[in-house]
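Take a look at the structure below.
The values are calculated or read from the model by the stated rules, or taken from the named source; none is laboratory data. As the structure is a computational prediction, the values presented were derived from the model and not from experiment. Cβ atoms come from the backbone with ideal geometry, glycine included; neighbour counts cover every protein chain shown.
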Amino acid sequence: MNEILIRKAKKGDKDAFCRLMDEQMQSMYKIAISYVKNDEDAADAIQDNILSCYENLKSLKYNRYFKTWMIRILINKCKDILQRKNRMICTDEMPEMPFHEAEYASAEWAQMLEPLDEKYRMIVLLYYMEGFNTREISEILDMKESTVKSRLQRGRKQIAKMYEYKVREGRV
C-alpha cells in the first residue's frame, strides 16, 4: 500500500486519491461481484464506496489499515444494494450481459466460489484473492479471528469436495 498516496489524499490531493482508488479497483471489483453477482450492482457498490471513502478518508486513523477500512465500507455498500433489491419486485428480465475477456478470470473465480455457503465465500475470497490474513479478515467482517479460521478451513473442505466430485464425474 502506498503510504505517500494515502497521506496526500488525506490532505486533499484529488489526484493522489484517484491513483489510490485505481490501484484498488481490481480488488473492489472481485469483492463486489462476489457479493452482488452482477456487473451493474458491482459498479454501483464501487462507485458508492469511492464516494464514501473520499468523504470519510480523514477519519481513517491508521494509514496502514486503508485497504481493510475500504473493503469493509465496500462490503457494507454491497449489503445495502442487496437489501434494496430484496425490497424490489422485478418485472422484466435482465438482458444477457456481454462477455469481456478481461473479466474472465474474475468471473471464473466467482463461478468457482458460487456453490460455497455464503459464510465461507467472502472469507475464502479475501484470504486467497486479496491476500488478507485471518486477523485482517476478522476486522473487515467484524467477527472473531477463530471464527474466520474455522470458516476458512470449512470453505477449503467444501471446495475440495466439489472438485473431487467434478473429477470423479469427468467434468474437469
Can you pull out every residue in segment 20-36 that is surrounded by fewer than 15 Cβ atoms within 10 Å (Cβ to Cβ) and either under 11 Å from the mean Cα position of the chain (by Cα) or not charged (D, E, K, R) (or both)? M25, Q26
Being of a type in the set (V, I, T) and within 29 Å of R121 (Cα to Cα) is the filter here, so list the residues in segment 1-39 that pass it. I31, I33, V36
Quickly run through segment 135-156 and pick out the residues that are crowded, with 17+ Cβ neighbours inside 10 Å and over 15 Å from the mean Cα position of the chain (by Cα). V148, R151, L152, G155
Tell me whether segment 67-84 contains one or more residues that are within 20 Å of the chain's Cα centre (by Cα), over 17 Å from A32 (Cβ atoms) and either outside the structural domain of E40 (by TED's automatic domain parsing) or modelled with pLDDT of 90 or more (or both). no
Checking the conditions here, which among L126, L152 is under 29 Å from L5 (Cβ atoms), modelled with pLDDT of 85 or more and not in a loop (DSSP other than H, G, I, E, B)? L126
I'd like the full set of residues that are free of Cβ contacts under 8 Å to residues at least 12 places away in the same chain and surrounded by 14 or more Cβ atoms within 10 Å (Cβ to Cβ), limited to segment 1-15. K8, D13
Pairs, please: C-beta under 8 Å, at least 6 apart or cross-chain, first residue in the same structural domain as D80 (by TED's automatic domain parsing) and over 10 Å from K77 (Cβ atoms) and in segment 42-59, second in a helix (DSSP H, G or I) and of a type in the set (D, E, K, R)? L57/K10; K58/K10
